[in-house]
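Student: Below is one structure. I have some questions about it.
The values are calculated or read from the model by the stated rules, or taken from the named source; none is laboratory data. The model shown is predicted, which means the values in this text are computed figures rather than measured ones. Every residue, glycine as well, gets a Cβ built from its backbone with ideal geometry; the counts of neighbours run over all protein chains shown. For the accessible areas, the whole protein counts, side chains as well, though only heavy atoms, and no ligand, DNA or RNA atoms are used. Shrake-Rupley method; radii C 1.70, N 1.55, O 1.52, S 1.80 Å.
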Amino acid sequence: MNKIINTDKAPKAIGPYSQAYLCGSTLYCSGQIAINPETNEFVGGNIENQTEQILKNIKGLLSSAGFSYEDVVKTTCFLADMNDFSVFNGIYEKAFISKPARSCVAAKQLPKNALVEIEVIAVK
């Protein structure tokens with residue numbers, strides 16, 4: 001069974017994509033940047049603020065489909081500046097205590113000049 005996931009617990013899709021897509025027992029979540037879903041405003045500031053907002057968005061997507069952080073098996077993380085890697089890791093590890101597989105790469109530029117973007121894959 002395939003199902004598009006739509007929730008008000010994460011930013012709305014602003015293009016031809018879904019917030020998340022459930023395919024059988026696997027949930028594919030689109031990349032999240034620091035947009036507050038209640039206001040639809042970008043949360044600027046530092047890497048800490050942005051990462052915390054993204055983790056809230058991811059939790060909202062996961063819970064809307066009946067998943068949790070413990071179900072995440074793979075993340076892909078994009079950083080605008082690899083000098084933020086250590087600070088980012090300190091916040092990231094508090095959410096992803098199950099230590100899913102991960103890629104973390106530097107990106108020349110992210111949407112809205114974000115400092116970080118995270119996408120996840122979860123399996124039940």
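Student: Can you work out which of the residues in the stretch 78-112 that are β-branched (V, I, T) and over 15 Å from N46 (Cα atoms) is least open to solvent (accessible area, probe 1.4 Å)?
Tutor: V105
Student: Of the conditions (1) surrounded by 15 or more Cβ atoms within 10 Å (Cβ to Cβ); (2) polar (S, T, N, Q); (3) more than 13 Å from the chain's Cα centre (by Cα), T75 satisfies every one except a single condition; which number is it?
Tutor: Failed condition: (3).
Student: Just one of the numbered conditions (1) of a type outside the set (A, V, I, L, M, F, W, C); (2) part of a helix (DSSP H, G or I); (3) modelled with pLDDT under 95 is not true of E70; which one?
Tutor: Just one mismatch for E70, condition (3).
Student: Still on this model: If you take the residues in the stretch 28-45 that are of a type in the set (A, V, I, L, M, F, W, C) and within 19 Å of Y92 (Cβ to Cβ), which one is most open to solvent (accessible area, probe 1.4 Å)? Lay out the reasoning, then the answer.
Tutor: The first filter runs over the stretch 28-45 and keeps only residues of a type in the set (A, V, I, L, M, F, W, C), leaving 29, 33-35, 42-43.
Cutting the leftovers down to within 19 Å of Y92 (Cβ to Cβ) gives us 29, 33-35, 43.
Working: C29: 11, I33: 20, A34: 0, I35: 21, V43: 40 Å².
Per the criteria, the residue is V43.
Student: Against the conditions (1) at negative phi; (2) assigned to a loop (DSSP other than H, G, I, E, B), where does G45 fall short? Just the number, please.
Tutor: Condition (1) is where G45 drops out.
Student: Anything in the stretch 85-124 that is farther than 21 Å from Y28 by Cα and of a type in the set (V, I, T)? List them, or say none.
Tutor: Once the filter is applied, which keeps residues that are farther than 21 Å from Y28 by Cα and of a type in the set (V, I, T), the stretch 85-124 yields V87, I91.
Student: Please pick out the residue among E52, E48 that is open to solvent by 60 Å² or more (accessible area, probe 1.4 Å), over 23 Å from E70 (Cβ atoms) and either charged (D, E, K, R) or at pLDDT below 95 (or both).
Tutor: Details: E52 fails: over 23 Å from E70 (Cβ atoms).
Being open to solvent by 60 Å² or more (accessible area, probe 1.4 Å), over 23 Å from E70 (Cβ atoms) and either charged (D, E, K, R) or at pLDDT below 95 (or both) holds for just one of E52, E48, which is E48.
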